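The values are calculated or read from the model by the stated rules, or taken from the named source; none is laboratory data. These figures come from a predicted structure and were not determined experimentally. Ideal geometry is used to build each Cβ from the backbone, glycine not excepted, and the neighbour counts take in all protein chains shown. When the accessible area is computed, the model is the full protein with side chains, heavy atoms only, and any ligands, DNA or RNA have been set aside. Shrake-Rupley method; radii C 1.70, N 1.55, O 1.52, S 1.80 Å.
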Amino acid sequence: MEWTACLGEYEKLVFRMNTPRVVIDNAVCSTATLVKVDSARRHGILLEAVQVLTDLNLSIKKAYISSDGRWFMAVFHVTDQNGNKLTDESVINYIEQSLETIHFGTSNCSNGFTALELTGTDRVGLLSEVFAVLADLQCIVVESKVWTHNGRIASLIYVKDCDSGCPIEDSQKIDRIEARLRNVLKGDNDIRSAKTSVSMAVAHTERRLHQMMFADRDYDRKPVLQHCTNSPVITVQNWAERGYSIVNIQCKDRAKLLFDVVCTLTDMDYVVFHATINTSGDRGYMEFYIRHTDGTPISSEPEQQRVIQCLQAAVQRRASVGVRLELCTEDRQGLLAYVTRTFRENGLNVTRAEISTTTDKALNVFYVTDAMGNLADAKTIESVRQKIGLSNLKVKELPLIYHQKREREEQQGVGGAVLLSLGSLVRRNLYNLGLIRSHS
């Protein structure tokens with residue numbers, strides 16, 4: 001009987017050590033909801049916790065992480081997309097349940113569809129060629145995410161068979177899809193680095209995109225298209241007395257920034273022992289105390305530079321470059337091929353895309369620039385909207401530089417009018433003094 005009781009207590013201890021304890025508090029902070037997590041420490045637990053929060057499109061305004069020793073503790077200050085505290089009980093319950101079960105691993109996100117993974121050299125019109133091939137092969141695109149960075153492109157595309165509506169399992173058809181997409185990605189000059197693969201399971205789309213671009217070494221390449229972006233400021237230094245490497249990041253704040261950084265550190269086999277995250281206005285400040293998984297700090301200057309390069313890439317991959325266009329219309333076979341072909345024919349390049357289909361409704365987001373990565377001309381955007389449908393394709397977000405350019409043009413217009421008036425006044429006075437002759 002005593003042995004049974006001891007065994008029961010041991011099982012409780014094991015369950016307690018492997019099940020994170022989650023507390024969600026709305027009373028402590030007036031501007032954010034606090035999400036507190038503590039659990040036995042293991043590699044990747046921070047990433048999984050951040051992933052739960054960012055998958056709900058929550059903003060992490062502050063965070064404090066400590067996992068020195070055998071225990072992991074984190075406090076996240078979160079708000080919804082509108083900057084408000086969390087009040088929906090269903091959301092709060094979902095966060096609690098998800099964080100309490102993260103040690104069981106992430107769920108399959110392919111939802112029974114066939115996942116196509118593509119990496120290669122980015123170029124204007126590439127997406128239109130990809131979607132044209134899929135339409136020709138009778139593949140329905142259910143969901144897709146496309147990232148570009150430093151002249152490279154990575155895309156995860158979830159498809160199903162047009163006739164059956166089921167995942168594509170015919171090995172011959174899969175081989176045809178892979179072969180044709182590989183030829184599209186190769187183009188004229190990317191014979192070696194273009195890659196395609198097909199799978200039935202992808203754990204997490206955005207984490208997989210980071211892994212694909214990291215494996216493609218996008219961080220070590222120079223961009224083909226010149227995008228004007230503010231580069232993050234990243235420093236790495238060693239704290240020899242405590243055996244840590246300290247990573248500091250300052251950059252523009254945006255959605256899912258912490259996820260992107262922690263994802264890259266995790267995939268590079270670094271462990272975050274302590275971290276402080278803060279935001280102020282539109283700026284984000286992050287400090288991480290890290291070691292390798294074997295407990296050693298960064299050991300050389302080349303390794304420091306590689307960490308800086310990889311984190312810069314992690315921050316910039318998801319950066320919104322260009323005009324944000326949202327397409328909302330009835331879904332149909334070949335829609336994506338038509339829309340992206342229209343972009344290509346008008347000299348627009350897609351820098352990022354998020355594509356989804358819900359109950360026969362296409363809900364797609366595209367960020368576009370001109371062919372050189374500069375601001376797309378407003379007349380070109382309107383021409384594209386006219387062809388696709390003004391009510392279907394809408395401009396939802398303009399880069400700040402658009403507004404600055406418009407303000408400069410307005411100021412120049414006012415200044416020009418003032419100078420013209422002054423010039424007329426001076427000429428009139430000179431004429432009255434007899435110093436110049438009238439041309440009339």
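Which residues, taken from the range 273-293, are closer than 24 Å to G69 by Cα and of a type in the set (G, A, S)?
Passing the criteria: only A275.
Quick one: which of N364, N346 is more than 24 Å from the chain's Cα centre (by Cα), surrounded by 16 or more Cβ atoms within 10 Å (Cβ to Cβ) and not β-branched (V, I, T)? Steps first, answer last, please.
Numbers: N364 fails: more than 24 Å from the chain's Cα centre (by Cα).
Just one listed residue meets the conditions, N346.
Contact list please: Cβ distance under 7 Å, first residue in the range 200-216 and in contact (Cβ under 8 Å) with a residue 60 or more places away in the chain, second residue aromatic (F, W, Y) and open to solvent by less than 10 Å² (accessible area, probe 1.4 Å), pairs at least six apart or on different chains.
L209/W147; M213/W147
Restricting attention to the range 121-165, report how many residues are of a type in the set (G, A, S) and either buried (at least 21 other Cβ atoms within 10 Å of the Cβ) or within 23 Å of the chain's Cα centre (by Cα) (or both).
6
State which residue is least open to solvent (accessible area, probe 1.4 Å) when the search covers only the range 292-310 and only residues that are in contact with a helix residue (DSSP H, G or I) (Cβ under 6 Å, 6 or more places away or on another chain) and part of a helix (DSSP H, G or I). Let's see the steps before the verdict.
Within the range 292-310, the first condition is being in contact with a helix residue (DSSP H, G or I) (Cβ under 6 Å, 6 or more places away or on another chain), and the residues that meet it are 298, 309-310.
Within this subset, residues satisfying the condition of being part of a helix (DSSP H, G or I) are 309-310.
Details: Q309: 69, C310: 1 Å².
Checked the range 292-310; the qualifying residue least open to solvent (accessible area, probe 1.4 Å) is C310.
Please determine whether any residue of the range 277-291 is surrounded by fewer than 16 Cβ atoms within 10 Å (Cβ to Cβ), in contact with a Gly (Cβ under 8 Å, 6 or more places away or on another chain), of a type in the set (K, R) and closer than 24 Å to V233 by Cβ.
Scanning the range 277-291 turns up no residue that is surrounded by fewer than 16 Cβ atoms within 10 Å (Cβ to Cβ), in contact with a Gly (Cβ under 8 Å, 6 or more places away or on another chain), of a type in the set (K, R) and closer than 24 Å to V233 by Cβ.
Against the conditions (1) in contact (Cβ under 8 Å) with a residue 40 or more places away in the chain; (2) under 19 Å from the mean Cα position of the chain (by Cα); (3) open to solvent by less than 60 Å² (accessible area, probe 1.4 Å); (4) on the phi < 0 side of the Ramachandran plot, where does K256 fall short? Just the number, please.
(4)
Just one of (1) at pLDDT 90 or above; (2) open to solvent by 60 Å² or more (accessible area, probe 1.4 Å); (3) within 30 Å of G83 (Cα to Cα) trips up T229, so point out which.
Failed condition: (1).
Given the criteria within 30 Å of T340 (Cα to Cα) and modelled with pLDDT of 90 or more, does E117 qualify? Walk me through how you get there before you give the answer.
Values: within 30 Å of T340 (Cα to Cα): yes; modelled with pLDDT of 90 or more: yes.
It is true that E117 is within 30 Å of T340 (Cα to Cα) and modelled with pLDDT of 90 or more.
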